[in-house]
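Each remark here refers to the structure printed beneath this line.
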Amino acid sequence: MGILAHVDAGKTTTTERILFLTGATYKQGEVHDGTTVTDFDAQERKRGITIFAAAVSCTWDGHRINLIDTPGHVDFSAEVERSLRVLDGAVAVFDGVAGVEPQSESVWRQADLHGVPRIAFVNKLDRAGADLDAAAASIGARLHVTPLVVQLPIGAEERFTGVVDLVTRRAVTWTGDAMTVVEVPDPAEMERRRRLLEEAVAELHAGALEEFVANDGLKDATLRDALRDITGSGAGVVVLCGSAYKNRGIEPLLDAVVAYLPSPLDVPPVHPQRPASPDAPFAGLVFKVHAATTGRLTYVRVYSGTITKGATVLDTGTGRTERVSRILHVQADRHTELDDASAGDIVAVVGVKHARVGTTLCAPDAPLVLEAAVTAEPVVSVAVEARVATDTDRLSVALARLVEEDPSLRVRSDPETGQTVLSGLGELHLEVAVEKLRQANGLTVNVGRPQVSYRETVVAGVSGLLYRHVKQDGGSGQYAHVLIDVTTSEEPFAFDSAVVGGRVPKEYVKAVEAGCRDALLEGPLGGHPVTGVHVTLVDGQTHSKDSSELAFRTAGRLALQQALRQSTMAVLEPVAEVTVTAPDDTVGAVLGDLAARRGRVTDSTTRAGTVVVTATVPLAELFGYATRLRSRTQGRGTFTTRPAGYQQAPEGTV
C-alpha cells in the first residue's frame, strides 16, 4: 500500500505512527525534528517535505504490510507515478480543514489511471476549523467518487479525543498513546449515520441492496464485505478520520487497511500464466534505483514466483541475464539480508547492474514484459558546469547516476553553446537534483538560470510547395521531387498522402513522413521543436535509378523546413495551473502579482479566512515566485503548480 496526499497533509506523520504502533520502530519520529524514518535524506529533513519515495514494512493483526511513503509536491509527481505502478492499494490522506487540495486531486487521478483501490483518512481533526463532513463533501465534489463515512469524531477541534465506528457500532478514545473502548456518546446519531451509510452502500452494491430490501438493513459482516468490494471497484471510497500527530485514529486505520484494501492475492494476475503465487515463475518490476557511490540498489516489486539469493534473472529491457548477489529487506535507509522473496514482497536487490526504472526482471526460461509507469516530460532546464575544470568528468558520471535514479530528469549537451543542460519537472525538482550533486558527490557546480522548453507551431500554412532534391556526386545519385501542403493540426504531428496513380511508391511515402519528423526537431523562429503541424504529400516524381528512401527522406525534411520558413509561425510557451492559498487580507497583492506575471485567474473561492486563487501562468514567469509570494503574504501564503500544456506566447517573449 502507499500513502498519498497533498504537501503537508500528514503523510509522513501517519507513516511514522503506523510504524510505531505496529512495533516496527521503538519511538515516534517527527517531521519538524527531522527524526522520521521515511524522510531520511538530508534534504528531506532540511526542507521538511518528502522528496523520495521510501519503502518500509510492518505487521498488523497477522498481516504483513509493505508501505511506501510518497512525495506530495507536484515537482515529484513522477516519483508518485512510479510508486503507484507497484501498489495494490493506498491510503489517501486529507487535511481536515482544507479537504481536497490541488495535489490531492492530482495523485487521485494518477491512482485512477493505475486502478489502485483507495481508502481516505481525514487527518488533523484536532485543528481549528476541521470538519469531517465538509472534507467528505469535498471528496465527492472534487474527486467525483461517493464518500462512505464509516467513522464519526468524538469531540471537535482541540477537544477531539476519539471516533465512533459505524460498522462495528463501537466507540474508542485515546489518552496519550492508550486506546480505550468507551460507550457511544450519542447512540441516536450513530444509528442515523449508520442508516445513511447502509443506504449509500446499497446503492453501489447489488448484494447489499438485496439484503437491505429484504431486512430493511445490513448485517455488520455484509456491510464490511460490501465496503471491501466497493473499495476494490473504485465505485466509492471508505472515509476514516483522526489526528496522526496526536496518535488518534491510527489503529482503526490499520484495521481498515486489512479489512478493505486488497492483498496481492486479490489483485488480478499480471499475466494469465503468472498468478501471485510463490510457486509460479518469477516476475518482478523495477520501480526505483538508488545508484550511490558505494553500490547500486535496485528496488523490485515481486508479482509472482520467488527470487532467491544467487539466482539468475532476465532483464527484459536489455535482454541480458544478471545474477542477484544479495536480497535486502528494506526499512527506509536500513536493510536486512534475506535468502529469498516471494510474490507480494518489495525488496532491494544487489548485483543487477543495468536494469532501469520500469524494467521487468523475470525467470530466464519464462520471459515476460510488464507495463512500466509513464515518465513525464521535463519542462524546466538549467545549465550546469563544474566550477573546477578537473571535475568535469566527475560531473558527467554524477549526472548519469542522477538520471539513472530519476528518469524524469534529462541531461543533454546543447550543440550550439556546448553547455550541459539538466531538465526536470519544476524549479524545486532541479534545485534538489543540483543539491544532491553537491552533497553526495562533493562537487562544486555553477548553475545557470532555468530555461523553459518552448515550442513552435504553424498559425497559417502553405500549399503546393514543390521541392526538388537532385544530387549527383559519382555513382548512384539522389533524386526526389515532392509536392506538399502544410496546415495546422490539433495533434502534435499528422501526415497524409494524397498521391494517386502510384507516382510515389508506398515505401517512399513513409520515407517522406520520416523526413518531415526530422524537420520538426528545430523550428525556424528559434530552433525549438515544432508541434501542431499537418503535412499532406500531394504529389511527387521518381527516377528509375536514382530514387531511394534516403533521397525521399532528405526531400521530405528539406521541403518541410522550407515550408515552415514560408508559413506564419508562432512560439508556444509552457503554462502551469497555479493554486495560491493566502489570507484574505492579502488577496489584492496576490492578484496584482499574478497579473504582473501574465497570469489569467480562472477561479477564486473563500473559506475559513483564506482565499484560494487558481490561475494559469506562463512557466517562465514563475521562477522565484515562492520568495515573492512569501514576502507579499507575510510568509502565510502557499502555492502549488501543475503543468497545463502550452499557449501562444506574445511576440518578443523569446
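The values are calculated or read from the model by the stated rules, or taken from the named source; none is laboratory data. All figures in this text were calculated on a predicted structure; none of them were measured in a lab. Here Cβ is always computed from backbone atoms with ideal geometry, including for glycine, and neighbour counts include all displayed protein chains. Note: areas computed on protein heavy atoms with side chains; ligands, DNA, RNA excluded. Shrake-Rupley method; radii C 1.70, N 1.55, O 1.52, S 1.80 Å.
Once both labels are modelled 7 Å past Cα along the beta-carbon direction, what's the Ala128-His543 spacing in nm?
Each label point is offset 7 Å from its Cα along the Cβ direction, giving 8.4 nm.
Starting from the Cα-Cα distance between Asp255 and Ala383, subtract it from 0.36 nm times their residue separation and give me the gain in nm to one decimal.
Gain in length upon complete extension: 41.1 nm.
Label Arg356 and Ala498 with points 7 Å out from Cα along Cα→Cβ: what is the distance between them in nm?
It works out to 4.0 nm between the two label points.
Please compute the modelled spin-label separation between Thr168 and Val459, points set 7 Å along Cα→Cβ, answer in nm with one decimal.
Label at Val459, label at Thr168, 6.7 nm between them.
Where does each of 256-266, 183-193 land if you order them by average Cβ count within 10 Å, highest first? Don't jump to the answer; show the numbers that get you there.
Working: 256-266: 18.0, 183-193: 12.9.
Put in order of decreasing packing, that is 256-266, 183-193.
Give me the aspartates and glutamates in straight-line cross-link reach of Lys309: C-alpha distance below 20 Å, same-chain residues under 8 apart excluded.
Partners within reach: Asp279, Glu322, Glu337, Asp339, Asp340, Asp345, Asp365.
How large, in Å, is region 558-654 by the Kirkwood hydrodynamic radius built from its alpha-carbon pairs?
Numbers: mean 1/r = 0.0676 Å⁻¹.
The Cα-based Kirkwood calculation yields 14.8 Å.
Could you pull out which residues in region 626-651 have an amide N less than 20 Å from a spot 7 Å beyond the Cα of Ala589, following the Cα-Cβ vector?
What the label zone holds, given the 20 Å backbone N cut-off, is 626-640.
Please compute the length gained on full extension between Val182 and Leu113, using 0.36 nm multiplied by the number of residues separating them and subtracting their Cα-Cα distance.
Using 0.36 nm per residue and subtracting the Cα-Cα distance, I get 20.7 nm.
If packing is taken as the average count of other Cβ atoms within 10 Å, what order do 583-596, 149-162 fall into, highest mean first?
In descending order of packing, they fall as 149-162, 583-596.
Over the chain, average the accessible area per residue using a 1.4 Å probe and give it in Å², no decimals.
Using a 1.4 Å probe on heavy atoms only, each residue of the chain averages 44 Å².
At a 1.4 Å probe, what is the % contribution of carbon and sulfur to the accessible area of region 64-113?
Accessible surface attributable to carbon and sulfur in region 64-113 totals 50 percent.
How many angstrom separate the Cα center of region 99-145 from the Cα center of region 255-312?
28
Expressed in nm to one decimal, what extension gain is obtained for the pair Gln648 and Glu491 from 0.36 nm per residue of sequence separation less their Cα-Cα distance?
Full-extension gain reported as 55.0 nm.
Angle check, please: helix 11-21 long axis (alpha carbons) against the longest principal axis of the chain (alpha carbons), in degrees 0 to 90, nearest 10.
On a 0 to 90 degree scale, this one is about 40.
Return, ordered by residue number, the residues of region 614-654 whose backbone nitrogen is under 14 Å from a label point located 7 Å along Cα→Cβ of Arg449.
Only 620-625, 653-654 pass the distance filter.
Using 16 Å as the cut-off for backbone N distance, which residues of region 596-612 belong to the label zone defined by a point 7 Å from the Cα of Arg636 along Cα→Cβ?
Only 606-612 pass the distance filter.
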